[in-house]
Amino acid sequence: RQMKNFQVALMISQGTPMMLMGDEYGHTRGGNNNTYGHDNELNNFQWSELDKQKKHFFRFCSEMIKLRRSHPLLGREEFLSDHDVTWHEDRWDDPTSKFLAFTLHDRGLGGGDLYIAFNAHEFYVDAALPSPPHGKAWYRIVDTNLPSPEDFIAEGKPGVERRYNVAPRGSIILLAK
């Protein structure tokens, strides 16, 4: 789940996402930050590991990349303004708060508003959702707590109500359409 959360954070961030070979299947270098001289599994692409993840984490990564490339609010070339994002946080000064949620506003770009939330707590957070734009509803695109393939539904799953129970160490993306 944490790998999916990091993939969400990377793909919704502004700027160029930086990935290394093997990130799409969870390749590890075992804590070695200087593998230049190693001609072994530290640097070799592990095709068998990729095969194990084809229907799981690899699929999730692939779908997140497609979402980033297709949605005009993600990967923008210009900085966000106060009109582009609304932060849904009332505990900025509380160092124990481990929940962050915000809405990226479409503002005529054609992709629909995105509500994004990260819960780093060890318990569920019952998040009050902002109202979607007039005539629209929230659809769940991503919930990293759910098993594959329910964790990412490209067309979105309807039925999201006014509150969403965000899982411990989970993240969600909702689309207004």
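The values are calculated or read from the model by the stated rules, or taken from the named source; none is laboratory data. All values derive from a computational prediction rather than experimental measurement. Cβ sites come from the backbone with ideal geometry, for glycine too, and all protein chains shown count toward neighbours. Please note that ligands, DNA and RNA were not included when accessible areas were found on the heavy atoms of the full protein model with its side chains. Shrake-Rupley method; radii C 1.70, N 1.55, O 1.52, S 1.80 Å.
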Order by accessible surface, 1.4 Å probe, largest leading, for residues HIS38, HIS121, HIS105 comes to HIS38, HIS105, HIS121
In whole percent, the Cα-Cα distances of the chain spread across 5 Å bins from 0 upward as 1, 8, 16, 18, 19, 15, 11, 6, 4, 2, 0, 0
Under a 1.4 Å probe, counting only protein heavy atoms, THR103 has an accessible area in Å², nearest 10, of 0 Å²
For the chain, dividing by residue count, accessible area per residue (probe 1.4 Å) in Å² works out to 60 Å²
Counting only protein heavy atoms and leaving out ligands, DNA and RNA, the solvent-accessible surface of LEU10 at a 1.4 Å probe, in Å² to the nearest 10, equals 50 Å²
Nearest-0.05 FRET efficiency for ASN40 and GLN14 at R0 = 35 Å, using Cβ-Cβ distance, is 0.45
Once normalised by the length of the chain, the mean sequence separation of its alpha carbon contacts under 8 Å that are 6 or more apart gives a contact order in percent of 22 percent
For the chain, the longest principal axis of the Cα atoms and the Cα long axis of helix 57-70 enclose an angle in degrees, to the nearest 10, of 50 degrees
By accessible area (1.4 Å), largest first, MET18, MET64 order as MET18, MET64
Scalar couplings 3J(HN,Hα) for the range 82-99 by Karplus 6.51 cos²θ - 1.76 cosθ + 1.60 (θ = phi - 60°), nearest whole Hz, x for Gly and Pro, are 4, 7, 8, 9, 10, 8, 10, 9, 10, 10, 4, 8, 9, x, 8, 6, 10, 10
The range 103-123 scanned against label point 7 Å out from GLU78 along Cα→C-beta; backbone N under 20 Å for 103-114
Contour minus Cα-Cα span, GLU155 to ASP94, at 0.36 nm per residue, comes to 18.3 nm
Helix 2-12 sits off the longest principal axis of the Cα atoms of the chain, rounded to the nearest 10 on a 0 to 90 degree scale, by 60 degrees
Packing-ranked peptide list from 124-130, 171-177, highest mean Cβ count within 10 angstrom first, is 171-177, 124-130
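For a test of the definition: using alpha carbon positions, the gyration tensor, and the 1.5 limit on a/c, classify the range 9-52 as rounded, prolate or oblate.
Oblate is the answer for the range 9-52, as a/c is 1.5 or above yet b/c matches or exceeds a/b.
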Checked the range 108-166 against the a/c 1.5 cut and the a/b vs b/c comparison, axes a ≥ b ≥ c from its Cα gyration tensor; verdict oblate
For LEU20, LEU146, the accessible-area ranking with a 1.4 Å probe, largest leading, is LEU20, LEU146
Flagged as over-length at 19 Å C-alpha distance, from LYS4/LYS52; LYS98/LYS136; LYS4/LYS136; LYS55/LYS177, the pairs are LYS98/LYS136; LYS4/LYS136; LYS55/LYS177
Cα convex hull volume per residue for the range 69-114, in Å³, equals 98 Å³
